[in-house]
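Below is one structure, written out as C-alpha coordinates; the observations come after it.
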Amino acid sequence: MRNKTAIISGGAQGIGKAITKRLIEDGYFVVIADINLENEKLLVKELGSGKFLFIKCDISNQEDVESLFSKVKSERESINAVVNNAGIIKDNVIWKMPKEDMDKVIDVNLKGTWMMCKEAAKVMRKQNNGRIVNISSRAWLGNNRGQSNYTASKAGIIGLTRVLALELGKYNVNVNAVAPGLIDTPLTKNLPKKVIEKLIEAQPTKKIGKPKDIANVVSFLLSDESDFITGQIIHVDGGRSIGSTIF
Ligand SMILES: NC(=O)c1ccc[n+]([C@@H]2O[C@H](COP(=O)([O-])OP(=O)(O)OC[C@H]3O[C@@H](n4cnc5c(N)ncnc54)[C@H](O)[C@@H]3O)[C@@H](O)[C@H]2O)c1
(Lines give C-alpha, C1' and ligand atoms only; values in the text may rest on other atoms or scores of the structure.)
Protein backbone atom coordinates (compact mmCIF):
# COMPACT_ATOMS: atom_id res chain seq x y z
CA MET A 1 0.00 0.00 0.00
CA ARG A 2 1.49 3.32 -1.06
CA ASN A 3 0.24 5.86 1.45
CA LYS A 4 2.46 8.81 0.51
CA THR A 5 1.23 10.83 -2.46
CA ALA A 6 3.26 13.04 -4.79
CA ILE A 7 2.00 15.17 -7.64
CA ILE A 8 4.39 15.95 -10.47
CA SER A 9 3.70 18.23 -13.39
CA GLY A 10 5.20 17.20 -16.71
CA GLY A 11 5.97 13.80 -15.21
CA ALA A 12 5.49 11.86 -18.44
CA GLN A 13 8.85 12.41 -20.13
CA GLY A 14 12.39 13.70 -19.72
CA ILE A 15 13.36 14.93 -16.26
CA GLY A 16 9.78 14.53 -15.04
CA LYS A 17 9.69 10.88 -16.02
CA ALA A 18 12.95 10.21 -14.14
CA ILE A 19 11.45 11.93 -11.08
CA THR A 20 8.25 9.86 -11.43
CA LYS A 21 10.33 6.65 -11.52
CA ARG A 22 12.41 7.67 -8.54
CA LEU A 23 9.41 8.66 -6.44
CA ILE A 24 7.74 5.32 -7.19
CA GLU A 25 10.97 3.63 -6.01
CA ASP A 26 10.81 5.82 -2.89
CA GLY A 27 7.33 4.41 -2.14
CA TYR A 28 5.11 7.24 -3.35
CA PHE A 29 1.88 6.93 -5.23
CA VAL A 30 2.58 9.42 -8.02
CA VAL A 31 0.03 11.60 -9.76
CA ILE A 32 1.37 12.74 -13.13
CA ALA A 33 -0.18 16.00 -14.32
CA ASP A 34 0.70 16.35 -17.98
CA ILE A 35 -0.75 17.43 -21.30
CA ASN A 36 0.87 14.60 -23.23
CA LEU A 37 -1.50 11.63 -22.94
CA GLU A 38 0.43 9.63 -25.55
CA ASN A 39 3.01 8.64 -22.95
CA GLU A 40 0.47 7.16 -20.53
CA LYS A 41 0.39 3.67 -22.09
CA LEU A 42 4.18 3.60 -22.39
CA LEU A 43 4.50 4.52 -18.73
CA VAL A 44 2.12 1.74 -17.65
CA LYS A 45 4.25 -0.73 -19.62
CA GLU A 46 7.46 0.58 -18.10
CA LEU A 47 6.43 1.31 -14.52
CA GLY A 48 3.53 -1.10 -14.01
CA SER A 49 -0.01 -0.21 -13.04
CA GLY A 50 -1.30 0.76 -9.59
CA LYS A 51 1.69 2.94 -8.75
CA PHE A 52 0.67 6.10 -10.51
CA LEU A 53 -2.26 7.95 -11.94
CA PHE A 54 -2.15 10.07 -15.08
CA ILE A 55 -4.34 13.18 -15.07
CA LYS A 56 -4.56 15.37 -18.13
CA CYS A 57 -3.77 18.84 -16.88
CA ASP A 58 -2.44 21.95 -18.53
CA ILE A 59 -0.79 23.77 -15.64
CA SER A 60 -1.38 27.14 -17.33
CA ASN A 61 -5.13 26.54 -17.09
CA GLN A 62 -6.58 27.47 -13.69
CA GLU A 63 -9.59 25.13 -14.00
CA ASP A 64 -7.32 22.19 -14.85
CA VAL A 65 -5.09 22.85 -11.85
CA GLU A 66 -7.99 23.27 -9.42
CA SER A 67 -9.73 20.13 -10.65
CA LEU A 68 -6.42 18.20 -10.46
CA PHE A 69 -6.08 19.02 -6.77
CA SER A 70 -9.72 18.39 -5.92
CA LYS A 71 -9.55 14.95 -7.63
CA VAL A 72 -6.36 14.00 -5.79
CA LYS A 73 -7.76 15.30 -2.46
CA SER A 74 -10.90 13.21 -2.91
CA GLU A 75 -8.97 10.03 -3.73
CA ARG A 76 -5.93 10.21 -1.47
CA GLU A 77 -5.52 10.66 2.27
CA SER A 78 -2.97 13.46 1.94
CA ILE A 79 -0.72 15.21 -0.55
CA ASN A 80 2.81 14.89 0.77
CA ALA A 81 4.84 16.26 -2.12
CA VAL A 82 4.37 18.47 -5.17
CA VAL A 83 7.08 18.73 -7.82
CA ASN A 84 6.57 21.54 -10.31
CA ASN A 85 8.56 20.34 -13.27
CA ALA A 86 6.54 21.13 -16.42
CA GLY A 87 8.21 23.79 -18.50
CA ILE A 88 8.68 24.90 -22.09
CA ILE A 89 11.08 26.96 -24.17
CA LYS A 90 10.41 29.34 -27.07
CA ASP A 91 13.79 30.88 -27.74
CA ASN A 92 14.67 33.92 -29.81
CA VAL A 93 16.46 37.22 -29.40
CA ILE A 94 14.05 39.77 -28.01
CA TRP A 95 13.74 41.85 -31.19
CA LYS A 96 12.50 38.80 -33.08
CA MET A 97 10.38 37.28 -30.30
CA PRO A 98 6.61 37.57 -30.76
CA LYS A 99 4.82 38.68 -27.59
CA GLU A 100 2.80 35.42 -27.74
CA ASP A 101 6.04 33.51 -27.06
CA MET A 102 6.69 35.62 -23.97
CA ASP A 103 3.09 35.14 -22.80
CA LYS A 104 3.12 31.37 -23.37
CA VAL A 105 6.42 30.76 -21.56
CA ILE A 106 5.40 32.91 -18.59
CA ASP A 107 1.92 31.32 -18.52
CA VAL A 108 3.27 27.76 -18.33
CA ASN A 109 6.59 28.10 -16.50
CA LEU A 110 5.82 30.83 -14.00
CA LYS A 111 2.07 31.28 -13.63
CA GLY A 112 1.50 27.53 -13.99
CA THR A 113 4.03 26.84 -11.22
CA TRP A 114 2.45 29.59 -9.10
CA MET A 115 -1.04 28.07 -9.49
CA MET A 116 0.24 24.59 -8.60
CA CYS A 117 2.02 26.07 -5.55
CA LYS A 118 -1.14 27.89 -4.50
CA GLU A 119 -3.23 24.70 -4.53
CA ALA A 120 -0.42 22.76 -2.82
CA ALA A 121 -0.09 25.45 -0.14
CA LYS A 122 -3.83 25.32 0.66
CA VAL A 123 -3.69 21.55 1.26
CA MET A 124 -0.29 21.35 2.98
CA ARG A 125 -0.96 24.25 5.34
CA LYS A 126 -4.05 22.44 6.61
CA GLN A 127 -2.17 19.14 6.87
CA ASN A 128 0.66 20.92 8.67
CA ASN A 129 2.99 18.90 6.49
CA GLY A 130 4.37 18.81 2.96
CA ARG A 131 7.21 19.41 0.54
CA ILE A 132 7.30 21.46 -2.65
CA VAL A 133 10.15 21.33 -5.17
CA ASN A 134 10.12 23.74 -8.09
CA ILE A 135 12.23 23.00 -11.15
CA SER A 136 13.89 26.22 -12.25
CA SER A 137 16.95 26.22 -14.53
CA ARG A 138 20.57 27.29 -14.37
CA ALA A 139 19.43 29.77 -17.04
CA TRP A 140 17.77 31.82 -14.27
CA LEU A 141 21.18 33.45 -13.83
CA GLY A 142 20.75 35.12 -17.20
CA ASN A 143 23.65 33.82 -19.25
CA ASN A 144 21.88 32.50 -22.35
CA ARG A 145 21.17 34.84 -25.26
CA GLY A 146 17.78 34.19 -26.83
CA GLN A 147 16.14 33.18 -23.56
CA SER A 148 14.76 36.46 -22.19
CA ASN A 149 11.30 34.87 -21.75
CA TYR A 150 12.59 31.58 -20.31
CA THR A 151 15.11 33.30 -18.02
CA ALA A 152 12.43 35.66 -16.68
CA SER A 153 10.15 32.68 -15.98
CA LYS A 154 12.87 30.63 -14.27
CA ALA A 155 14.18 33.60 -12.23
CA GLY A 156 10.56 34.20 -11.21
CA ILE A 157 10.40 30.64 -9.90
CA ILE A 158 13.40 31.37 -7.66
CA GLY A 159 11.66 34.40 -6.13
CA LEU A 160 8.42 32.45 -5.77
CA THR A 161 10.23 29.58 -4.02
CA ARG A 162 11.90 31.89 -1.50
CA VAL A 163 8.68 33.70 -0.58
CA LEU A 164 6.74 30.46 -0.24
CA ALA A 165 9.44 29.05 2.04
CA LEU A 166 8.83 32.08 4.27
CA GLU A 167 5.05 31.78 4.14
CA LEU A 168 4.86 28.03 4.69
CA GLY A 169 7.81 27.33 7.02
CA LYS A 170 5.77 27.41 10.21
CA TYR A 171 3.32 24.91 8.73
CA ASN A 172 6.04 22.30 8.36
CA VAL A 173 6.15 22.77 4.59
CA ASN A 174 9.59 23.08 2.97
CA VAL A 175 9.86 24.73 -0.44
CA ASN A 176 13.03 24.47 -2.52
CA ALA A 177 14.12 24.89 -6.12
CA VAL A 178 16.37 22.76 -8.27
CA ALA A 179 18.20 24.52 -11.10
CA PRO A 180 19.35 22.00 -13.70
CA GLY A 181 22.07 22.65 -16.26
CA LEU A 182 22.10 20.92 -19.63
CA ILE A 183 20.25 17.60 -19.30
CA ASP A 184 19.73 15.00 -22.00
CA THR A 185 15.95 15.02 -22.60
CA PRO A 186 13.50 15.39 -25.53
CA LEU A 187 13.57 19.15 -24.82
CA THR A 188 17.30 19.43 -25.53
CA LYS A 189 17.41 16.72 -28.25
CA ASN A 190 16.18 19.29 -30.77
CA LEU A 191 18.95 21.79 -30.08
CA PRO A 192 21.53 22.08 -32.89
CA LYS A 193 24.61 19.88 -32.36
CA LYS A 194 26.84 22.96 -32.33
CA VAL A 195 24.86 24.53 -29.47
CA ILE A 196 25.08 21.32 -27.43
CA GLU A 197 28.84 21.14 -27.99
CA LYS A 198 29.26 24.76 -26.86
CA LEU A 199 27.14 24.20 -23.77
CA ILE A 200 29.14 21.11 -22.81
CA GLU A 201 32.37 23.04 -23.34
CA ALA A 202 31.09 25.78 -20.99
CA GLN A 203 30.63 23.28 -18.15
CA PRO A 204 33.63 22.58 -15.90
CA THR A 205 32.74 18.87 -15.89
CA LYS A 206 32.50 18.81 -19.72
CA LYS A 207 29.50 16.52 -19.81
CA ILE A 208 25.74 16.56 -20.27
CA GLY A 209 23.60 15.65 -17.28
CA LYS A 210 21.11 12.80 -17.10
CA PRO A 211 17.48 13.14 -15.96
CA LYS A 212 18.43 10.84 -13.06
CA ASP A 213 20.86 13.49 -11.76
CA ILE A 214 17.88 15.76 -11.12
CA ALA A 215 15.62 12.99 -9.79
CA ASN A 216 18.22 12.08 -7.14
CA VAL A 217 18.24 15.63 -5.75
CA VAL A 218 14.44 15.94 -5.84
CA SER A 219 14.20 12.65 -3.94
CA PHE A 220 16.56 14.04 -1.27
CA LEU A 221 14.60 17.31 -1.00
CA LEU A 222 11.40 15.35 -0.44
CA SER A 223 12.95 13.08 2.18
CA ASP A 224 13.30 13.52 5.95
CA GLU A 225 17.06 13.90 5.42
CA SER A 226 16.50 17.46 4.13
CA ASP A 227 14.21 18.51 6.96
CA PHE A 228 16.21 21.69 7.78
CA ILE A 229 16.55 22.90 4.18
CA THR A 230 14.04 25.38 2.80
CA GLY A 231 14.04 28.35 0.44
CA GLN A 232 17.20 27.10 -1.28
CA ILE A 233 18.27 26.77 -4.90
CA ILE A 234 20.25 23.65 -5.64
CA HIS A 235 22.19 23.93 -8.90
CA VAL A 236 22.63 20.56 -10.58
CA ASP A 237 24.56 21.70 -13.60
CA GLY A 238 28.04 20.17 -13.76
CA GLY A 239 29.39 23.42 -12.30
CA ARG A 240 28.15 25.72 -15.10
CA SER A 241 26.70 28.22 -12.61
CA ILE A 242 30.18 28.96 -11.26
CA GLY A 243 30.64 31.09 -14.38
CA SER A 244 33.31 31.18 -17.05
CA THR A 245 36.97 31.96 -16.63
CA ILE A 246 39.58 33.27 -19.03
CA PHE A 247 42.40 31.28 -17.38
N1 LIG B 1 16.51 19.53 -20.24
C2 LIG B 1 17.28 20.52 -19.76
O3 LIG B 1 18.44 20.68 -20.17
C4 LIG B 1 16.75 21.45 -18.71
C5 LIG B 1 17.64 22.36 -18.15
C6 LIG B 1 17.19 23.23 -17.16
C7 LIG B 1 15.86 23.19 -16.77
N8 LIG B 1 15.01 22.29 -17.34
C9 LIG B 1 13.62 22.30 -16.88
O10 LIG B 1 13.25 21.00 -16.46
C11 LIG B 1 11.86 20.79 -16.71
C12 LIG B 1 11.67 19.53 -17.53
O13 LIG B 1 12.42 19.65 -18.73
P14 LIG B 1 12.58 18.45 -19.77
O15 LIG B 1 13.87 18.69 -20.46
O16 LIG B 1 12.34 17.15 -19.12
O17 LIG B 1 11.38 18.82 -20.78
P18 LIG B 1 10.53 17.90 -21.76
O19 LIG B 1 10.03 18.78 -22.83
O20 LIG B 1 11.33 16.69 -22.17
O21 LIG B 1 9.31 17.40 -20.85
C22 LIG B 1 8.40 18.34 -20.33
C23 LIG B 1 7.13 17.65 -19.93
O24 LIG B 1 6.23 18.69 -19.50
C25 LIG B 1 4.97 18.51 -20.14
N26 LIG B 1 4.30 19.82 -20.29
C27 LIG B 1 4.61 20.83 -21.14
N28 LIG B 1 3.75 21.84 -21.00
C29 LIG B 1 2.87 21.48 -20.05
C30 LIG B 1 1.73 22.11 -19.47
N31 LIG B 1 1.31 23.30 -19.87
N32 LIG B 1 1.06 21.45 -18.50
C33 LIG B 1 1.46 20.21 -18.09
N34 LIG B 1 2.51 19.57 -18.61
C35 LIG B 1 3.21 20.19 -19.58
C36 LIG B 1 5.30 17.87 -21.47
O37 LIG B 1 4.18 17.21 -22.04
C38 LIG B 1 6.43 16.91 -21.08
O39 LIG B 1 5.91 15.67 -20.64
C40 LIG B 1 11.36 22.05 -17.43
O41 LIG B 1 10.79 22.93 -16.49
C42 LIG B 1 12.65 22.66 -17.97
O43 LIG B 1 12.54 24.06 -18.14
C44 LIG B 1 15.42 21.42 -18.31
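Suppose the filter is at pLDDT 95 or above and touching an Asp or Glu at 6+ places or on another chain (Cβ under 6 Å); does residue 138 pass it?
In short, yes.
Those residues that are in contact with a strand residue (DSSP E or B) (Cβ under 9 Å, 6 or more places away or on another chain) and free of Cβ contacts under 8 Å to residues at least 24 places away in the same chain, I need them from the range 71-118; list them, please.
Residues satisfying the conditions are 71, 75, 98.
Could you identify the single residue in 244, 153, 226, 219 that is more than 16 Å from the chain's Cα centre (by Cα) and crowded, with 18+ Cβ neighbours inside 10 Å?
From the options 244, 153, 226, 219, the qualifying one is 226.
Can you work out which of the residues in the range 156-174 that are buried (at least 23 other Cβ atoms within 10 Å of the Cβ) and among the hydrophobic types (A, V, I, L, M, F, W, C) is nearest to the chain's Cα centre (by Cα)?
Within the range 156-174, the match that is nearest to the chain's Cα centre (by Cα) is 157.
List the pairs whose first member sits in the range 15-27 and is farther than 17 Å from residue 86 by Cβ and at pLDDT below 95, whose second member is in a loop (DSSP other than H, G, I, E, B) and near the ligand (Cβ under 10 Å from one of its atoms), and whose Cβ atoms are under 7 Å apart, counting only residues at least 6 apart or on separate chains?
Here the result reads none, with nothing in the range 15-27 linked to a residue that is in a loop (DSSP other than H, G, I, E, B) and near the ligand (Cβ under 10 Å from one of its atoms).
Consider residue 8 carefully, then state whether it is touching a helix residue (DSSP H, G or I) at 6+ places or on another chain (Cβ under 6 Å), of a type in the set (A, V, I, L, M, F, W, C) and more than 22 Å from residue 126 (Cα to Cα).
The answer is no for residue 8.
Considering only residues that are in a strand (DSSP E or B) and crowded, with 22+ Cβ neighbours inside 10 Å, look in the range 59-110 and name the one that is farthest from the ligand (Cβ to nearest atom).
81
Mind listing just one residue for me: the one in the range 111-152 that is more than 11 Å from the ligand (Cβ to nearest atom) and charged (D, E, K, R) and, of those, nearest to residue 203 (Cα to Cα)?
145
Among the residues of the range 25-43, is any at positive phi and in a loop (DSSP other than H, G, I, E, B)?
Scanning the range 25-43, I find at least one residue that is at positive phi and in a loop (DSSP other than H, G, I, E, B), so the answer is yes.
Suppose the filter is within 13 Å of the ligand (Cβ to nearest atom), among the hydrophobic types (A, V, I, L, M, F, W, C) and in a helix (DSSP H, G or I); does residue 155 pass it?
yes
Could you go through the range 216-237 and let me know if any residue there is within 14 Å of the ligand (Cβ to nearest atom) and either part of a loop (DSSP other than H, G, I, E, B) or among the polar types (S, T, N, Q) (or both).
Yes, some residue in the range 216-237 is within 14 Å of the ligand (Cβ to nearest atom) and either part of a loop (DSSP other than H, G, I, E, B) or among the polar types (S, T, N, Q) (or both).
Do we have any residue at all in the range 59-70 that's closer than 10 Å to residue 33 by Cβ and free of Cβ contacts under 8 Å to residues at least 40 places away in the same chain?
For the range 59-70, residues closer than 10 Å to residue 33 by Cβ and free of Cβ contacts under 8 Å to residues at least 40 places away in the same chain: present.
Could you check how many residues of the range 26-52 are more than 9 Å from the ligand (Cβ to nearest atom), open to solvent by less than 50 Å² (accessible area, probe 1.4 Å) and not aromatic (Phe, Trp, Tyr)?
Matching residues across the range 26-52 total 6.
Being surrounded by fewer than 11 Cβ atoms within 10 Å (Cβ to Cβ), in a helix (DSSP H, G or I) and more than 9 Å from the ligand (Cβ to nearest atom) is the filter here, so list the residues in the range 176-196 that pass it.
Passing the criteria: 193, 194.
The values are calculated or read from the model by the stated rules, or taken from the named source; none is laboratory data. Just so you know, these numbers come straight off a predicted model, no measurement behind them. In this analysis, Cβ positions are derived from the backbone assuming ideal geometry, glycine residues included, and neighbour counts consider all displayed protein chains. Calculation scope for accessible area: heavy atoms of the full protein, side chains included, ligands and nucleic acids excluded. Shrake-Rupley method; radii C 1.70, N 1.55, O 1.52, S 1.80 Å.
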